1. Out of all the residues in segment B:416-433, which are at the interface with chain A (Cβ under 7 Å from one of its Cβ atoms) and aromatic (Phe, Trp, Tyr)?
2. Being more than 10 Å from chain A (Cβ to nearest Cβ), free of Cβ contacts under 8 Å to residues at least 40 places away in the same chain and either in contact with an Asp or Glu (Cβ under 8 Å, 6 or more places away or on another chain) or closer than 24 Å to A:LEU174 by Cα (or both), is that true of even one residue in segment B:661-679?
3. Checking the conditions here, which among A:PHE227, A:PHE203 is modelled with pLDDT under 90 and either more than 7 Å from every other protein chain (Cβ to nearest Cβ) or within 29 Å of the chain's Cα centre (by Cα) (or both)?
4. Does at least one position in segment B:335-356 carry a residue that is more than 8 Å from every other protein chain (Cβ to nearest Cβ), under 30 Å from A:TYR33 (Cα atoms) and in contact with a Leu (Cβ under 9 Å, 6 or more places away or on another chain)?
5. For segment A:206-224, give me each residue that is assigned to a loop (DSSP other than H, G, I, E, B), closer than 25 Å to B:ILE693 by Cα and facing chain B (nearest Cβ under 7 Å).
6. Looking at A:ASP164, A:ASP171, can you tell me which residue is under 17 Å from A:THR210 (Cα atoms), in contact (Cβ under 8 Å) with a residue 40 or more places away in the chain and of a type outside the set (A, V, I, L, M)?
7. Would a scan of segment B:400-415 turn up a residue that is of a type outside the set (Phe, Trp, Tyr), more than 9 Å from every other protein chain (Cβ to nearest Cβ), closer than 30 Å to B:MET313 by Cα and in contact (Cβ under 8 Å) with a residue 40 or more places away in the chain?
8. Applying the selection to segment A:61-87, what residues are among the aliphatic types (A, V, I, L, M) and either more than 9 Å from chain B (Cβ to nearest Cβ) or in contact with a His (Cβ under 6 Å, 6 or more places away or on another chain) (or both)?
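The values are calculated or read from the model by the stated rules, or taken from the named source; none is laboratory data. Remember, it's a predicted structure, so these values are computed and weren't measured experimentally. Because the Cβ atoms are built from the backbone with ideal geometry, glycine has one as well, and the counts that use them run over all protein chains shown.
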Amino acid sequence: MGGLITFRKGSGESAEAQNEPCLGCHQRGIQTYWKASPHASRGIACVNCHTLMEKTSGKQLAKMTDVTPFGINRAEIEVCGQCHLQRKAQLMRSSHMPMREGKIVCSDCHNPHGSPNPAQLKQTSVNENCYTCHAERRGPFLWEHPPVLEGCNNCHEPHGSVNDRLLKVTDPRLCTQCHIHTRHPGTPRPLSRVSPTVGPSVFAFNRSCTNCHSQAHGSNHPSGKFFTR
Amino acid sequence: MRRGKALLLSSMSVTTFFLMVTLSPAQVDLGNYTVSGSIEVGGMPSHRSGNTSKLEEYRDLPETVVVPQIELFLDSKKKDFYLELESLKTGRDDQSYRLRAGRYGLLDLEFIWDQIPHLFNVDNARTPFSMNGGNYTLSSKPGGTTGANMRDWVNDNAQPVDLKLYNGLAKFNLRYTPTPGWTFTGSYGSQNSAGGRAFGAYFGPSPGSYNITELVEPLDYQTHNIELGSEYAGKGWTLGLKYNASLFHNNVSTLTWDNPLNTTGVGSGCTDSATYAAGTGPCRGRFDLYPSNQAHTLTLTGTANLPFKTNFMSTYSYGWRLQNDSFLPFTRNTCYGTGTVPASCADGALTALPAISRGSLDGDVRPTMINATLVNNYFKDVGLKASYRYYDFDNRSKRVLLPDGIIVNDQGAASGDEYYSFPYSYAKQNLGFDASYKLTRWLTAKLGYGWERMHREYARELLNSNEHSFGPTFDVRPTPWTLFRIAYKRSIRDAHDYDAGRNAAVEIGETQEDVRLSRLAELRKFDEAARDRDKFSFFTQISPLENLTLHGGFDFTSDRYPRTVIGVQKDIDYAPSLGFVYAPLDWLSVFGDYNWERFDWRMQAIARNTGAGGCPDLTARTAENCPAATWRSRGNDEIHTVKIGTDMEVIKNLLNVRFQYGFSLGSSEVRASGNSAASGDSGVVPAVDYPTIVNRWHEFLARAEYLLHKNISLKLGYYFNSYSSKDAGVDIMKLWMGDVETPAGGPNFNSSIGRSIFLGDQGKGSYQAHIGFVGLKLKF
């Protein structure tokens, strides 16, 4: 390796040089794809996220997990949040996964050391990732809803949303972005009283479309073609 | 009183604990082993107001004695063996435990137990149903079928019900490394989710008369996950094989519920009829909840170091997704079938049940993933990467023919359409090339190109699409303490063979042209439509001083759908962020982050009613020939997020203090305009704006740790959390919605809503909580 390597912040040492000693042992298992990972190509050093000499958290992360009786601020979220500023902010949305409560961390879905999958996901598709906790939605079903099969993220923003149920767009507009071809979805529906005779509509309030089409993720009922059984 | 008791109990516990621990040694020697760790115990008095479901959405904040954390470390003096135990929130609903033990470099064993509560509403949901597993019954029915009858009955009979889930996860992991080359891994996990959440159900036809009955969906899921793997690392190569199994079982696979609007009787006294109307129709309905299923996956991963500083990585995975639950009958309504009319049916004759070609789906999906990646660093300062990925979602489930159609919502004759279920499949190929060059000591430039080809089977509108992405990335490090990362990517997706009539294969009674027209030829669904995407990101981190780091970023994504007339036309996301970490003194550090995000979208739609003049009717209608019925909607979500705080070592090695404040203000606006009476349609409801959704969230945390003795700390904490929400779509919810739906005489008066019942839960209720903590932490 030729000479001493310093890991101090701002030392000017290249990430490749700093990583070389680590990769001597840690280049298999979850680190198999490190050299092909976006983090490696962006010059991220192992010591940007991990510490060497000091025990901090379970994964030797460069931040401490902060445990209080009120909540748990996981070290991992702080480490990833150093660069992924938008994602870190999204965790504070009203509709969120239990990440700010310390129950889920980034590496439950992503492998920051690289993976052969999009967005460094641990599983082979977005949906497979979601099925690790939501196995009930895996199906297959008699009546499938194709956009659901292609990607949960067609409708949901898993990092946090201002809309209920992590929806990307508020209901019923989320559904009417595609379902405007026939009968009730094509008619604009009010959500509040707009005149003495026109008031809020069941197509818009509460769970809007899923007030009736509650099986929108897929149905195995012979009468469930319209996701109402 | 409750708070007083909690405080007394807390004080006594803390005092006892304190007296006990002051006599404890700071570290325990056990022969060849040393034991160290910590335990924290305290009380949490609190004052809270409002709807606290959201406060404890994923956590348990009790007004009693709590044990926030226990840590135990056992190390051998020879440093060859370790054992770690960590417990968080012992005994509470959100408790977790982690036990890890092993021998360095040889064996690692880990056991995890984690509980995650998920509260939707425990304050104000109510239901008139008696719930027993998946069987929901009513002990009475409304005295009549008017909205007023329904209102009086539901208000008299509905009882409080909690909408919440508990997730319990147990996991055991093993890693064994008998030689430097071999690694064996295994894990077993068991996850149970149990509870209930709101769930919509309805009887009757739509359009037409119907009644919605919002229920508590019963959940009792059990999932077993098994993973076995081995990997061998040779000189310059590795090979690994892994097997995963996920076995999901739904312990409540059906939900049967009484129809409150069949007023012929209660329980066995109720008589069915196949014709739905207020007061008659099916006595009960039945849902098929998520069926039990299994997934098995084999994954083979290999790497090799090739000549010329080239690394090769490849993964092949093949899976089985299986589901074969028996189909339920089309309906539980006893007025369907053949032969003698049973006493439970009020009809003069039975209505024929439609045919179905199979008794179960024999669901079988075979996902395949192949990846091959090459990375080359042969040339100085040049990095090259090429990758290919193929993902095939091969759905081999059997096609199910329903030649007579289906029974919709337990009533009416079978729908006239013939249906064929379609086991939808797709495949995706990705090819990517990246080349980076270190132009100077401080500047690295990268150019990337990606191609994605998506192939869908013909149940969707688009068979094939190609998306080409390209763009540069620059990493600029003018000094060792300054970093700028700038990236831009342009992606263009075609959708040349988009055909709104492609779904002809699903409903075999229709022609492709019929479907194209009924589905609106101008509609482009956003996930399939031609799209131009511009993605820009900027990140900077500057550390002008050893004790000061400034960071900032800007993420921007713009999706435009250039050939979309009806559907989503654009969505744009902007997210600038700023932050800093500053430690001006040895004992003081401050930090802060601010993020603003805005997401804009715009869509166009068309009302397709029967006109009395002006516009062509229904299927002949387009945005061009009927601008009066065309309506537009645009929306934006805007969120401000702030987090600031400080850590202070007020008295060196004696007193540490942290103050932290977080704030999030989110709003969601939906604007709409268009659809005027000029279309000639009857009962036109113009598109109007929705009331803006606003939610505010504040969190303030102050905590101090004071070292009373060499191994005992006093911990004090104060936590303030408030949340307020304004969402017209939820805030108006109550058990009976008859008086908020379109009033009688209005163009879309719907008496069905006056006969519907809801849980009346406000999932996003406002609250305010002040919570304290007084405790002791013992280190040993």
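1. B:TYR419, B:TYR424, B:TYR426
2. Applying the first criterion (more than 10 Å from chain A (Cβ to nearest Cβ)) to segment B:661-679 yields B:661, B:671, B:676-679.
Filter once more, so that each one left must be free of Cβ contacts under 8 Å to residues at least 40 places away in the same chain: B:671.
With either in contact with an Asp or Glu (Cβ under 8 Å, 6 or more places away or on another chain) or closer than 24 Å to A:LEU174 by Cα (or both) added as a condition, the list becomes B:671.
There is at least one residue in segment B:661-679 that is more than 10 Å from chain A (Cβ to nearest Cβ), free of Cβ contacts under 8 Å to residues at least 40 places away in the same chain and either in contact with an Asp or Glu (Cβ under 8 Å, 6 or more places away or on another chain) or closer than 24 Å to A:LEU174 by Cα (or both).
3. Details: A:PHE227 fails: modelled with pLDDT under 90.
Step by step, each of A:PHE227, A:PHE203 is checked, and only A:PHE203 is modelled with pLDDT under 90 and either more than 7 Å from every other protein chain (Cβ to nearest Cβ) or within 29 Å of the chain's Cα centre (by Cα) (or both).
4. no
5. So in segment A:206-224, the residues assigned to a loop (DSSP other than H, G, I, E, B) come out as A:206-207, A:212-218, A:220-224.
Narrowing the set further to residues that are closer than 25 Å to B:ILE693 by Cα leaves A:206-207, A:212-214, A:216.
Correct list: A:ASN206, A:ARG207, A:CYS212, A:SER214.
6. Working: A:ASP171 fails: in contact (Cβ under 8 Å) with a residue 40 or more places away in the chain.
A:ASP164 is the lone residue from the list that is under 17 Å from A:THR210 (Cα atoms), in contact (Cβ under 8 Å) with a residue 40 or more places away in the chain and of a type outside the set (A, V, I, L, M).
7. Looking through segment B:400-415, none of the residues is of a type outside the set (Phe, Trp, Tyr), more than 9 Å from every other protein chain (Cβ to nearest Cβ), closer than 30 Å to B:MET313 by Cα and in contact (Cβ under 8 Å) with a residue 40 or more places away in the chain.
8. Our first condition is that a residue be among the aliphatic types (A, V, I, L, M); within segment A:61-87, this holds for A:61-62, A:64, A:67, A:72, A:75, A:77, A:79, A:85.
Within segment A:61-87, A:LEU61, A:ALA62, A:MET64, A:ALA75, A:ILE77, A:VAL79 meet the criteria.
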